[in-house]
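Working notes, structure below.
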Amino acid sequence: MEIAEHVNALRREGEWLADAAERAGLDATVPPCAPWQVKDLLRHTGYVHRWAARHITECPDQIIDGPSEEEILSGGADDAGLLAWFRDGHAALAQTLAMADPAVACATFMPAPSPLAFWARRQAHETAIHRADADSAAGTMPEYEADFAADGIDELITGFGRRRKYQPGSNADDIRLRVLATDTGDGLAHRGARGPPSSRGATPAARRRPGAR
């Protein structure tokens with residue numbers, strides 16, 4: 001996916017997150033993140049959006065340190081203005097990414113074609129997964145476009161899966177993982193900590209079954 005596609009995904013996912021939060025109500029429990037309530041989800045994601053935007057506008061050479069999660073959940077706007085606060089921060093992040101110089105130089109924490117590509121992709125998927133949290137609080141089931149969902153799985157495996165903090169331990173070299181997205185034809189292969197880099201591409205099995213779920 002291109003940067004503009006990730007920014008568009010960020011826009012729609014954030015809008016849907018806010019809509020689901022409004023339907024659920026601020027005091028509703030978020031089942032995947034219990035004991036969080038919707039108000040906590042909005043404060044967390046709203047903080048992340050503002051934190052991400054700072055990397056594009058301030059161009060630091062290291063990832064910006066932030067407050068503790070406890071401080072984040074006690075900050076932001078009061079309950080009465082919380083949805084508007086979230087929407088404002090989300091819109092500002094999308095606008096910042098859309099208007100940024102493609103050559104902007106700033107810190108990232110996973111490999112990417114460029115810093116702008118990293119932050120657009122990371123925030124699109126960060127927002128999408130928290131949209132699922134908001135939907136769960138509202139009692140609805142989220143749906144995602146197949147290509148965007150496959151891109152999120154790719155980021156998880158080839159991005160987060162390569163980070164040392166997420167490696168499973170001393171036997172990681174023996175791990176072999178293959179994921180096949182049968183609806184898009186994407187095949188993802190990942191090996192242990194010191195194995196070859198993770199890779200993505202269409203596979204013969206996927207091409208034989210393009211409509212499988």
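The values are calculated or read from the model by the stated rules, or taken from the named source; none is laboratory data. The shown structure was predicted, so the numbers you read here are calculated from the model rather than taken from an experiment. When we count neighbours, we look across all protein chains shown, and the Cβ atoms used for this are built from the backbone with ideal geometry, even at glycine. Surface areas here come from the heavy atoms of the whole protein model, side chains and all, with no ligands, DNA or RNA. Shrake-Rupley method; radii C 1.70, N 1.55, O 1.52, S 1.80 Å.
It is to be established whether one or more residues within the range 20-37 are among the β-branched types (Val, Ile, Thr), assigned to a helix (DSSP H, G or I) and modelled with pLDDT of 95 or more. I'd like the intermediate steps shown before the answer.
Looking only at the range 20-37, we keep the residues that are among the β-branched types (Val, Ile, Thr), and these are 29-30.
The next check asks that each one be assigned to a helix (DSSP H, G or I); those that pass are none.
Checked against the condition, which is being among the β-branched types (Val, Ile, Thr), assigned to a helix (DSSP H, G or I) and modelled with pLDDT of 95 or more, the range 20-37 yields no hits at all.
Considering the range 1-24, and only residues there that are touching a residue at least 60 places away in the same chain (Cβ under 8 Å) and among the basic types (Lys, Arg), the residue that is surrounded by the fewest Cβ atoms within 10 Å (Cβ to Cβ) turns out to be Arg23. Is one or more of the residues making up the range 184-206 closer than 30 Å to Ala21 by Cβ and either modelled with pLDDT of 80 or more or surrounded by 11 or more Cβ atoms within 10 Å (Cβ to Cβ) (or both)? Scanning the range 184-206 turns up at least one residue that is closer than 30 Å to Ala21 by Cβ and either modelled with pLDDT of 80 or more or surrounded by 11 or more Cβ atoms within 10 Å (Cβ to Cβ) (or both).
Only residues that are of a type in the set (Phe, Trp, Tyr) and under 14 Å from the mean Cα position of the chain (by Cα) were counted in the range 26-46, giving 0.
Residues that are open to solvent by 60 Å² or more (accessible area, probe 1.4 Å) and either in contact with a strand residue (DSSP E or B) (Cβ under 7 Å, 6 or more places away or on another chain) or not polar (S, T, N, Q) (or both) were ranked within the range 38-58; the one that is nearest to Ala128 (Cα to Cα) is Arg50.
With respect to Ala77, is the statement that it is part of a helix (DSSP H, G or I), buried (at least 16 other Cβ atoms within 10 Å of the Cβ) and not charged (D, E, K, R) true?
On the way: part of a helix (DSSP H, G or I): no; buried (at least 16 other Cβ atoms within 10 Å of the Cβ): yes; not charged (D, E, K, R): yes.
Criteria not met by Ala77.
The set of residues from the range 46-74 being of a type in the set (Val, Ile, Thr) and outside any loop (DSSP other than H, G, I, E, B) comprises Val48, Ile56, Thr57, Ile72. Count of the range 96-121 residues, restricted to those that are touching a helix residue (DSSP H, G or I) at 6+ places or on another chain (Cβ under 7 Å) and not aliphatic (A, V, I, L, M), is 6. Cβ-Cβ distances below 8 Å connect the following pairs, each with a first residue in the range 99-111 that is in a loop (DSSP other than H, G, I, E, B), a second residue that is of a type in the set (Lys, Arg), and a separation of six or more residues or different chains: Phe109/Arg163; Met110/Arg122; Met110/Arg162; Met110/Arg163; Pro111/Arg162.
Looking at the range 137-147 only, could you name the residues that are in a helix (DSSP H, G or I) and either without any contact (Cβ under 8 Å) to a residue 60 or more places away in the chain or buried (at least 20 other Cβ atoms within 10 Å of the Cβ) (or both)?
Correct list: Ala137, Ala146.
Could you say which residue among Pro113, Pro102 is open to solvent by 60 Å² or more (accessible area, probe 1.4 Å) and under 21 Å from Thr158 (Cβ atoms)? Don't jump to the end; show me each part of the working.
Working: Pro102 fails: under 21 Å from Thr158 (Cβ atoms).
Residue meeting the stated conditions: Pro113.
Determine if the range 25-35 includes at least one residue that is open to solvent by 30 Å² or more (accessible area, probe 1.4 Å), polar (S, T, N, Q) and touching a strand residue (DSSP E or B) at 6+ places or on another chain (Cβ under 8 Å). Yes, because at least one residue in the range 25-35 is open to solvent by 30 Å² or more (accessible area, probe 1.4 Å), polar (S, T, N, Q) and touching a strand residue (DSSP E or B) at 6+ places or on another chain (Cβ under 8 Å).
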